[in-house]
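S.K.: For reference, the structure I am asking about is given below.
Just so it is clear, none of the values below were taken in a lab; they were calculated from the coordinates. Since we're looking at a predicted model, the values are computed, not measured. Virtual Cβ from ideal backbone geometry, glycine too; neighbours counted across all protein chains shown.
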Amino acid sequence: MSTNKPAKEFRFGTVKVTVWANTTNAGQRHNVTLGRLYKDGEEWKTSDSLGRDDLLEAAKLLDLAHSWIHEQN
């Protein structure tokens, strides 16, 4: 399991966008992961499958991540 920490996280309800910072020879680069949180028994898990009701939240979170990344440059 990776010990890297995200540069930033955005969340609406059970939808979460995580921004990862990567240092390259060309400078700082960012990657984004999108997921939906759900509980399996007592354990929280993440799925990359979104339902219809998750789409607007995902779009808003991706917009926030996009703006945040541009502010970092």
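S.K.: With n ≥ 4 as the cut-off for DSSP H runs, can you work out [θ] at 222 nm for the chain, using -39500 (n - 2.57) per run divided by the number of residues, rounded to the nearest 500?
M.R.: Numbers: 1 runs with 18 residues, N = 73.
Mean residue ellipticity at 222 nm (helix-derived): -8500 deg cm²/dmol.
S.K.: When only C-alpha pairs under 8 Å and at least 6 residues apart count, what is the relative contact order of region 8-72, in percent? Numbers along the way, then the final one.
M.R.: Values: 85 pairs, mean separation 19.4, N = 65.
Contact order relative to length: 30 percent.
S.K.: Go through region 1-59 and name the GluC sites (Glu not before Pro) that are in a DSSP coil and have 13 or fewer other Cβ atoms within 10 Å of their Cβ.
M.R.: Working: sites: GLU9, GLU42, GLU43, GLU57; in loops: GLU42.
In loop regions of region 1-59 (DSSP not H, G, I, E or B), the sparsely surrounded GluC sites (Glu not before Pro) are GLU42.
S.K.: Across the chain, how many lysine pairs separated by 8 or more positions, or lying on different chains, have Cα atoms within less than 21 Å? Mind dumping the intermediate values first?
M.R.: Numbers: LYS5/LYS16; LYS5/LYS45; LYS8/LYS16; LYS8/LYS45; LYS8/LYS60; LYS16/LYS39; LYS16/LYS45; LYS16/LYS60.
For the chain, the number of qualifying lysine pairs is 8.
S.K.: So if I place +1 on the C-beta of Lys and Arg and -1 on the C-beta of Asp and Glu, and nothing else carries charge, what would the dipole magnitude of region 8-72 be about its Cα centre? I want it in debye, nearest 20. Please list the in-between numbers first.
M.R.: On the way: 9 positive and 10 negative charges, 28 e Å.
The calculation lands at about 140 debye.
S.K.: Remind me, what semi-axes does the chain give for its equivalent ellipsoid, largest first in whole Å, using sqrt of 5 times each Cα gyration tensor eigenvalue?
M.R.: Working: eigenvalues 118, 52, 14 Å².
Those come to 24, 16, 8 Å.
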